[in-house]
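Okay, so here's the structure we're looking at.
What follows draws every value from the coordinates through simple rules; no lab data is involved. Note that the structure is predicted; figures quoted are calculated from it, not measured. Reconstructed Cβ throughout: ideal geometry from the backbone, glycine too, with neighbour counts over all protein chains shown.
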Amino acid sequence: MMMQQHTIERSDEHPDIITINMGPSHPATHGVLRIVLHLDGERVVKAVPHVGYLHRGMEKLAENRTYLQFIPYTDRMDYLGPLASNVGFALAVEELLGVQVPARCEVVRVMCCELARIGAHMLWLGTHALDVGAATVFFHTFRDREWHYDLVEDLTGARLTTSYTRVGGVVHDVTRDWLKKLREFVDLFPGRVDEYESLLTKNTIWLMRTQGVGVITAEQAISYGMTGPSLRATGVEFDLRKARPYSGYENYDFDLPTGSRGDVYDRYLVRIEEMRQSTRILDQALENLPEGPVNIDDPKIFIPPKKRVLTSMEELIHQFMIVTEGFDCPAGEIYHSTEVPKGELGFYIVSTGGKSPYRLRIRSPSFNNIATLPVLVEGGLVADVVANIASLDPVMGEVDR
Amino acid sequence: MADGERAIELLRAKFPQGVISAGSYRDQHWAEIRVERLLDVCRWLKEDPETSYEFLTDVTAVHWPDDSEVMEVVYHLFSLSRNDRVRLKLRTGDRGPVPSLNGLWDSANWNEREAYDMFGIVFEGHPDLRRILMPDEYTDRPLRKEFPLYRG
């Protein structure tokens, strides 16, 4: 087996090679990402990313947890948009079970997914701009992220560890008060996006730092398994919400922004527009939220309402069984994926029957996206490395799992 | 939609010896491929206009310690142009070897490294087969079934 050479020695060909280490603890690596850079002056000759610093063995842990017990782990994958991962996992287990959730639940889940997308993109924008020196934007997005987090907290009781979905529903219904707050957010937020754009989109320094930087072609992106906004910035119009709709996404009217050059600037434009499209989806979800239950009425899978648990022996037993032992899944294997803020998040579940998966594979978008980093930075300037990392929007909790 | 159904029909016609078995669950179709034919099968699936799986979504493995061929390598392919997914599997011994798909899809690089890291499967022809999530000096293969789930 030929091992790839990971160091470039000084030679006649490379008389001035310097190897520097970036990360794993570096403010611009957005978590614990380490990159070994080989530099010829200011040029990056070679970049070798090292991941795994946040590995918690989630796939292994899942084999020893019931399906319900795994939901809190999904919070800790993409911790910038945990609601979206919650939904993705619940949908995968429902696919395995062959369960369909009620209409109201689907709409509430769409709200969760789009709220997560907006929150994740706000963090990306603020830190991305900060990384390349535009500190002002950070204060704007973090002010609004607080607003967004208030909504998340009102909905789930937690800002970060939301664990909002359950197999067969969500943990509790949305309140009228919360819907009013969300309406206010949906009405005002597009103005805030304009505000962010006024700081960057035509800003000469921003354009110089992002245009033509970190170019990846559509062919390369597809070959690397890149998904999400980074793929769409290369001109590929692929989004699982459109291509393979789930939770009723086919009923919403929204556009897929795409780029053409596949550079840092296009990735910026795509995510900016996605925030607007997400508010469009939220607007329609608020308009069309049906009445009815938010979970399935199957006491073998979903815990019955507390009132019934306290008044009926049988329902008490159902609750006890679900909490202490979990529910049985049929033997089989499924792959189900959803469009989370970073791209395609897939769960491949192998079940041999029983209460835990025999094998749970998490196909994370950030893992595949960050693998393209050498393509983006090699040949470019060392100062652009931070712009490239930020433009890929990796979240290490999801890369390392 | 029946994911992969048509592609597997075509695959069986094209490589009658290459496909060992096929099946489906919840309308997701899979085929078990003979390891010697993996590269030919994948190249054809990627390049033939009727299948055109341009996208290698995922490579992973499942450990079945009670079987004679304990390692199952699982590939998820996706066709952007046809919006269709298919699952390929193959069985191999404890450490493989399995041919690497790096020449066809760049996404095979990191995903095969992870399968090597977690299961110890050797991917032949991989340009850079080393651990990815666990430290280089680590000696175990955590996703194998003999690795304990907890210390009791």
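Observations on the model:
- Karplus-derived 3J(HN,Hα), 6.51/-1.76/1.60, for each residue of the stretch A:204-221, Hz, glycine and proline x: 4, 5, 4, 4, 5, 7, 10, 6, x, 9, x, 7, 9, 7, 4, 4, 5, 4
- Projecting the Cα atoms of A:TYR268, A:PHE254, A:SER278 onto the charge dipole of the stretch A:187-281, computed from C-beta unit charges around the Cα centre, puts A:TYR268 farthest toward the positive end.
- 3J(HN,Hα) along the stretch A:54-69, derived from phi through the Karplus expression 6.51 cos²θ - 1.76 cosθ + 1.60 where θ = phi - 60°, amounts to 10, 6, 10, x, 4, 5, 6, 4, 4, 5, 10, 10, 6, 4, 5, 5 Hz, with x in place of Gly and Pro.
- Degrees, to the nearest 10: B:5-14 long Cα axis against longest axis of chain B: 80
- Computed on chain A, with alpha-carbon pairs under 8 angstrom and 6+ residues apart, the relative contact order is 26 percent.
- Average beta-carbon neighbours from other chains, 10 Å sphere, peptide B:24-37: 2
- Estimated inter-spin distance, B:GLU50 and B:GLU69, nm [label 7 Å along Cα→Cβ]: 2.6
- Cross-link pairs beyond the 28 Å C-alpha cut-off, checked among A:LYS355/B:LYS145; A:LYS242/B:LYS145; A:LYS355/B:LYS89; A:LYS242/B:LYS46: A:LYS242/B:LYS145
- The stretch B:70-113 residues near the modelled B:ARG43 label - backbone nitrogen below 15 Å, point 7 Å along Cα→Cβ: B:99-105
- Taking amide H atoms as placed 1.01 Å from N in the peptide plane, the amide H of A:VAL340 lies under 5 Å from those of A:LEU345, each 5 or more residues away in sequence or on another chain.
- Exercise: per-residue mean of other protein chain Cβ atoms within 10 Å, B:52-64: 5
- Note on A:GLU184 and B:ASP94: their simple-model spin labels are 6.5 nm apart, each label 7 Å out from Cα toward Cβ.
- At an R0 of 30 angstrom, the distance between the Cβ atoms of A:GLU287 and A:ARG159 translates into a FRET efficiency of 0.65.
- Couplings 3J(HN,Hα) of the stretch A:288-300, computed from phi: 10, 6, x, 6, x, x, 9, 8, 6, 9, 9, x, 7 Hz, in residue order, whole Hz [Karplus 6.51 cos²θ - 1.76 cosθ + 1.60, θ = phi - 60°; x for Gly and Pro].
- Cα shape, the protein assembly as shown, gyration tensor, a/c 1.5 rule: oblate
- Cβ-Cβ FRET estimate between A:ARG308 and A:HIS26, R0 fixed at 56 Å, reported to 0.05: 0.60
- Contact order, relative form, for chain B: 18 percent (alpha carbon pairs under 8 Å, 6 or more residues apart, mean separation divided by residue count).
- In this structure, the amide hydrogen of A:THR19, modeled 1.01 Å from its nitrogen in the peptide plane, lies closer than 5 angstrom to those of A:LEU39, counting only residues at least 5 positions away or on a different chain.
- Over chain B: helical MRE at 222 nm, DSSP H runs n ≥ 4 each giving -39500 (n - 2.57), nearest 500: -6500 deg cm²/dmol
- Averaged over B:102-110, number of beta-carbon atoms from partner chains that fall within 10 Å: 5
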